[in-house]
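Heads up, the thing below is written out as structure tokens.
The values are calculated or read from the model by the stated rules, or taken from the named source; none is laboratory data. If you're wondering where the values come from, they're calculated on a predicted model, not measured in any experiment. No Cβ is skipped: glycine too gets one built from the backbone with ideal geometry, and neighbour counts run over all protein chains shown.
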Amino acid sequence: MRSILIKNAEIITMNEKEEILKGDIYIEDDRIVEIGKNLSHFASKVIDATGRTVIPGFIQTHIHLCQTLFRGQADDLELMDWLKQKIWPLEASHDEESIYYSAMLGIGELLQSGTTTVVDMETVHHTDSAFKAIAESGIRALAGKVMMDKGDEVPVLLRENTKESIQKSVDLLEKWHYHDGGRIQYAFCPRFVVSCTEELLINVRDLSAKYHVRVHTHASENANEILIVEREHGMRNVVYLDSIGLANERLILAHCVWLNEEEKRIIKERGVKVSHCPGSNLKLASGIAEVPSLLDSHSYVSLGADGAPCNNNLDMFNEMRLAAIIQKPAHGPTAMNARTVFRMATIGGAKAVGMENEIGSIELGKKADLAILNLNDFHIYPSFDIDPISRIVYSATRADVESTIVNGKILMENRRMNTIDKDI
Ligand code: GUN
Ligand code: FE
């Protein structure tokens, strides 16, 4: 049996009471089995975390691992031009090998910055290679092949026949859903309303109900995108998705920058999960999402970095910081405080993927998905009377992540730690 004992840590639990404890965490196989003081289990790995802060691993609810290799090649354009001129041709040029390396590069960056779960939208082809990278790397993921069966501007290589798009998605689902004890799950990914026929969306609705899997799509990101949808369907994005029956608790909607009151009401009433991507929304000049009003109405909002060409390094520290600071000028200093965005980055993400009983906080019986941070560079002496969550949100960087653990496995140790290996 694999076991890890983390000693003398500051633990940001994100449990119901959001307790911050000092003590030890004992992990057996993939789960946290004890949290307490002076634990003395014999463990196959002991980590002396004196002066370190242990947090639940970050959960990013919108990302495109297939775009990691496009970083720097798709700059300074707004959404529709960016997709047409850069992203779609680049996605069309991917092959099996490049998808694998794009995913592996992205996963490496995610683990280095403390992200343990991602909701990943791939491209039309070679999604099997991305699943292979996810399987080999050990990261937790809900991933799927993008579906796009219409659009004059979509390169021929990416435009699919409706039935084929559905069949390929179901084949991948049957191969990968619940792989490795549920660490890997499938999510259907119709790209956005602009590139999907109603027939495709209706099928996705039924398949998501049949297999109990998430649907992951983009909506209401950009003014031109919204105009295209309104021109074609006479409705706004979320209203249209609701008219098809897709707006439900399994739907993850990335962006939602420009929601009207009716769309906000649908999101709240149907339990739709919003993935806020502040870095991408700024980079593509899409706008600033009205997250405070979504939170006021108790809608579900979590965070994602989107693709590397939007954000550049898939770093949740960056997203948390932006999510907080971009709201301050319009809504005041506390509208999106540090604790709110940290909640969105952890337990909020767990709720978005329907796994709040398994991940998103450090609690007995939960999966051991955590990151160990060394925040001492900010202070000459380790000090616990400073709010560590504020410190993480406003000043920490990926360089402060010492280890990232997923499913009880240490996947990343990028700074030297005081560890003792024992054979059992
Ligand atoms: N809308 C449709 N496709 C995409 C994409 O790849 N990235 C972003 N940010 N928005 C999209
Ligand atoms: Fe996206």
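Let's see how each residue does on (1) of a type in the set (D, E, K, R); (2) assigned by TED's automatic domain parsing to the domain that holds Leu105; (3) touching a helix residue (DSSP H, G or I) at 6+ places or on another chain (Cβ under 8 Å); (4) within 16 Å of ligand 2 (Cβ to nearest atom):
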| site | (1), (2), (3), (4) |
| --- | --- |
| Lys264 | yes, yes, yes, no |
| Leu295 | no, yes, yes, no |
| Ser299 | no, yes, yes, no |
| Cys310 | no, yes, yes, yes |
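For segment 327-347, state whether one or more residues are small (Gly, Ala, Ser), touching a residue at least 60 places away in the same chain (Cβ under 8 Å) and away from ligand 2 (no atom under 16 Å from the Cβ). For segment 327-347, residues small (Gly, Ala, Ser), touching a residue at least 60 places away in the same chain (Cβ under 8 Å) and away from ligand 2 (no atom under 16 Å from the Cβ): present. Please go through (1) within 16 Å of ligand 1 (Cβ to nearest atom); (2) surrounded by 21 or more Cβ atoms within 10 Å (Cβ to Cβ) for Ala352 and return the number of the only condition it doesn't satisfy. (1) is the only condition that Ala352 fails.
When segment 13-36 is filtered for residues that are under 25 Å from the mean Cα position of the chain (by Cα), farther than 23 Å from Arg183 by Cα and not acidic (Asp, Glu), the ones remaining, listed by number, are Lys17, Ile20.
Among the residues in segment 322-340, are any touching a Lys or Arg at 6+ places or on another chain (Cβ under 9 Å), within 23 Å of Arg214 (Cα to Cα), at pLDDT 95 or above and assigned to a helix (DSSP H, G or I)? No. Of the residues making up segment 55-73, those that are aliphatic (A, V, I, L, M) and within 12 Å of ligand 2 (Cβ to nearest atom) are Ile63, Leu65.
The C-beta contact set for segment 9-37 (first residue closer than 23 Å to Lys409 by Cβ and in a loop (DSSP other than H, G, I, E, B), second residue at pLDDT 95 or above and among the aromatic types (Phe, Trp, Tyr), distance under 9 angstrom, 6+ apart or interchain) comprises Met14/Phe342.
Tell me whether segment 158-178 contains one or more residues that are free of Cβ contacts under 8 Å to residues at least 24 places away in the same chain and on the phi > 0 side of the Ramachandran plot. Scanning segment 158-178 turns up at least one residue that is free of Cβ contacts under 8 Å to residues at least 24 places away in the same chain and on the phi > 0 side of the Ramachandran plot.
Among the residues of segment 70-82, is any at pLDDT 95 or above, touching an Asp or Glu at 6+ places or on another chain (Cβ under 7 Å) and either more than 26 Å from Arg183 (Cα to Cα) or not in a loop (DSSP other than H, G, I, E, B) (or both)? Yes, there is a match, as at least one residue in segment 70-82 is at pLDDT 95 or above, touching an Asp or Glu at 6+ places or on another chain (Cβ under 7 Å) and either more than 26 Å from Arg183 (Cα to Cα) or not in a loop (DSSP other than H, G, I, E, B) (or both). Restricting attention to segment 293-321, and to residues there that are in contact with a Leu (Cβ under 8 Å, 6 or more places away or on another chain) and part of a loop (DSSP other than H, G, I, E, B), which single residue is farthest from Leu111 (Cα to Cα)? Filtering first and then ranking leaves Ala305. In segment 135-146, the condition of being within 24 Å of His255 (Cα to Cα), within 13 Å of ligand 1 (Cβ to nearest atom) and under 19 Å from the mean Cα position of the chain (by Cα) is met by at least one residue. Among the residues of segment 84-123, the ones that are buried (at least 18 other Cβ atoms within 10 Å of the Cβ), free of Cβ contacts under 8 Å to residues at least 40 places away in the same chain and either of a type in the set (A, V, I, L, M) or within 14 Å of Ala305 (Cα to Cα) (or both) come to 4 in all. Is it true that Ile380 is in the same structural domain as Thr13 (by TED's automatic domain parsing) and at pLDDT 80 or above? Considered against the rule, which asks whether it is in the same structural domain as Thr13 (by TED's automatic domain parsing) and at pLDDT 80 or above, Ile380 comes out as no.
Checking each residue in segment 208-262 for being basic (Lys, Arg) and within 16 Å of ligand 2 (Cβ to nearest atom) picks out only Arg214. If you go through segment 172-189 one residue at a time, do you hit one that is out of contact with any Cys (no Cβ under 8 Å at 6 or more places or on another chain), within 16 Å of ligand 2 (Cβ to nearest atom), over 30 Å from Lys409 (Cβ atoms) and not assigned by TED's automatic domain parsing to the domain that holds Asp30? No, there is no match, as no residue in segment 172-189 is out of contact with any Cys (no Cβ under 8 Å at 6 or more places or on another chain), within 16 Å of ligand 2 (Cβ to nearest atom), over 30 Å from Lys409 (Cβ atoms) and not assigned by TED's automatic domain parsing to the domain that holds Asp30.
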